[in-house]
Number of protein chains: 2
Amino acid sequence: MEAGMTGRDGGADIGPIGNSPVVILVRPQMAENIGTTARAMANGGLFHMRLVAPRDGWPLERAWRSASGADRILESAQVFETVDDAVADLHHVFATCPRPRHIVKPVLTARGGAAELREMTDRGLKVGLMFGPERAGLDNEDMARADALIRYPLNPAFMSLNLAQAVMIMAYEWWMAKDDTPPRALMTNETHVATRGELDNFMRHLIGDLDECGFLRNEQKRAGMVRNLRHFFLRGEVTEQELRTLHGVVTELSRGRKARQGGK
Amino acid sequence: MEAGMTGRDGGADIGPIGNSPVVILVRPQMAENIGTTARAMANGGLFHMRLVAPRDGWPLERAWRSASGADRILESAQVFETVDDAVADLHHVFATCPRPRHIVKPVLTARGGAAELREMTDRGLKVGLMFGPERAGLDNEDMARADALIRYPLNPAFMSLNLAQAVMIMAYEWWMAKDDTPPRALMTNETHVATRGELDNFMRHLIGDLDECGFLRNEQKRAGMVRNLRHFFLRGEVTEQELRTLHGVVTELSRGRKARQGGK
């Protein structure tokens, strides 16, 4: 397999998809967090990284080592001296912030923020998502540069999020905001869900053999027992392949019984 | 501040909330990932950790060092030799799995899975969420122990997730499945959104001063200019506190102009 196909060696083949938000890391401290942030961005379809005054300068080799192949995001990252410079060409900027105090600002959930970002990018606007430094978070001057704050609904007894985890949640919600995967689907791969006719065919086989061996000999209970078996086989979505296996199970169990009876 | 209140020093005061899913890490390899997983669990309100055959044994000091205070989850973690042992007392088990092949299984999104887990725990059932080892993921035998697989909708060109990131997404969706935070709300802290009367009062002040200084002297354009200013001030939700500031701005600008005129 080619590296570009597997996305594992020397940088994955991840190119920007459409108009996506810029992730702005304000005064990031740890190179490793910049790398894991790039990985989380790639997971959720965010490709544009900007760094405002990274503590240890840029580029930093340790970022690449922790990016798990999201090299292209790091390679195209842009560095700015101030937040104002980093957001100058954007139309809207949201800032993640766990506990804002004493300010008047719209506060969005991660999901609400992602939906609004999608709506803006669909209109062709350039948008940004601002994340603060690891320990202190964004300061008051940073937050005054944001249209709105994003605050994740999470356990209030334990809100402390790693930087890459915070980015992961927004990247995930960004992806989910346009995803239409059904919440539940039966993956059948090479087979298909059995039709009612295929199931009836199996039920006749099973009941015939059960009649033969005497399991259903109590005439009063017979109808109820058959119904209960039918209830059970209808509870999930049995597949055609599984019915073939079950036909085999019934046949083999019957054959074994008959062989034992014949051997008596 | 007390350590128990801040949740930062020597273990946060995080206690189980209700009946929550057990997180089962199958053959985890890195102690650090067990620690960061505990942190992600605490973020999303998951408290019960089980480890199946951890590669380097248990307990591992490095797990505590990366848990950022989620010590209680690590301290109460249970260790099992097999997946069957780890799930024996549970009613339902979901397994996260990026790319299942050749099997017949319900596949849920993270959001769909979280909704079903909530529904089950609300009925008093004990449920588990299974995560595979870092490199290989769950094997076929592990997956045969799960009711359903959870597959995250994420960028198909870059699906590789760190273990703690995978747990973070499920923990976040678990929390969100019962969260009712409005997607957008104006945080006003000490003030309130201005009433229309408060805004009209400011508009009268502004327009009066603009009339006085001659800015609205073009009678043909006057009405349109006043309407445009009104449109602008109505676009967001201006607060009573901001209107007081704006009253001050208008008054001070007018005073400055008058002083300059008086000084001529």
Axis carrying A to B; for chain A the Cβ-nearest residue and its rounded Å distance come to A:M168, 3
So, in nm and shortest first, the distances from B:D211 to its counterparts in the other copies, with label points 7 Å along Cα→Cβ, work out as 9.9
Quick note, segment B:223-264: a/c under 1.5 would make it rounded; otherwise a/b > b/c is prolate and the rest oblate (a ≥ b ≥ c, C-alpha gyration tensor); here it is oblate
Note: A:160-173 gets an average of partner chain Cβ contacts (10 Å, Cβ to Cβ) equal to 6
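Give me the inter-chain shielding for B:97-110: mean count of other chain Cβ atoms within 10 Å, whole number please. Provide the component values of the computation, followed by the final result.
Working: counts 0, 0, 0, 2, 3, 3, 4, 14, 4, 6, 7, 5, 7, 4.
For peptide B:97-110, the averaged partner shielding equals 4.
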Listed residues A:A148, A:A136, A:A63; largest mean-square fluctuation, Gaussian network over chain A with Cα springs below 10 Å, found at A:A136
In debye to the nearest 20, the charge dipole size for segment B:1-121, taken about the Cα centre with +1 at each Lys and Arg Cβ and -1 at each Asp and Glu Cβ, equals 600 debye
Across the protein assembly as shown, qualifying lysine pairs (alpha carbons under 29 Å, at least 8 places apart or different chains) come out at 11
For segment A:196-263, the dipole about the Cα centre with charges only on Cβ (Lys and Arg +1, Asp and Glu -1), to the nearest 20 debye, works out at 300 debye
One decimal, nm, nearest first: from B:E81 to the same residue in each other copy, label points 7 Å out along Cα→Cβ, the values are 6.6
The simple spin-label model distance between A:M159 and B:A144, using points 7 Å out along Cα→Cβ, in nm, is 4.8 nm
Quick note, segment B:183-264: a/c under 1.5 would make it rounded; otherwise a/b > b/c is prolate and the rest oblate (a ≥ b ≥ c, C-alpha gyration tensor); here it is oblate
Counted neighbours (other Cβ, 10 Å), sorted fewest up, put A:C213, B:C97 in the order A:C213, B:C97
At R0 = 56 Å the Cβ-Cβ FRET efficiency linking A:R99 and B:E219, nearest 0.05, sits at 0.60
Inter-copy distances for B:T245, label 7 Å out on the Cα-Cβ vector, sorted ascending, nm, one decimal, are 6.6
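Using a 10 Å cut-off on Cβ to Cβ distances, tally the other chain neighbours for every residue of B:179-188 and report the average as a whole number.
Working: counts 5, 1, 9, 4, 10, 9, 7, 5, 11, 3.
Mean shielding count: 6.
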For A:49-62, A:105-118, B:36-49, ranked highest to lowest by mean beta-carbon neighbours within 10 Å, the order is B:36-49, A:105-118, A:49-62
Taking Lys and Arg as +1 and Asp and Glu as -1, residues besides A:E198 with C-beta under 13 Å from its C-beta add up to -1
The farthest towards the positive end of the charge dipole of chain A, of the residues A:P183, A:M170, A:L253, given +1 on Cβ of Lys and Arg and -1 on Cβ of Asp and Glu, is A:L253
Compactness summary of chain B: radius of gyration and Dmax from Cα atoms, Å, are 29.3, 92
In whole angstrom, the spacing between the Cα centers of segment B:41-108 and segment A:126-202 equals 21 Å
Toy charge model, Lys and Arg Cβ at +1, Asp and Glu Cβ at -1: the protein assembly as shown dipole around Cα centroid in debye, rounded to 20, equals 1000 debye
Connecting every pair of Cα atoms under 10 Å apart in chain A and solving the GNM, the largest mean-square fluctuation among A:M120, A:M225, A:M170 falls on A:M225
Of A:K221, A:K126, A:K178, the most mobile residue in a GNM of chain A (C-alpha springs, cutoff 10 Å) is A:K221
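The numbers here are math on the coordinates, done by the rules we state, and not lab data. Every value quoted in this text rests on a predicted model; they were computed, and no experiment measured them. Quick reminder, even Gly has a Cβ in these numbers, built from the backbone with ideal geometry, and neighbours come from all protein chains shown.
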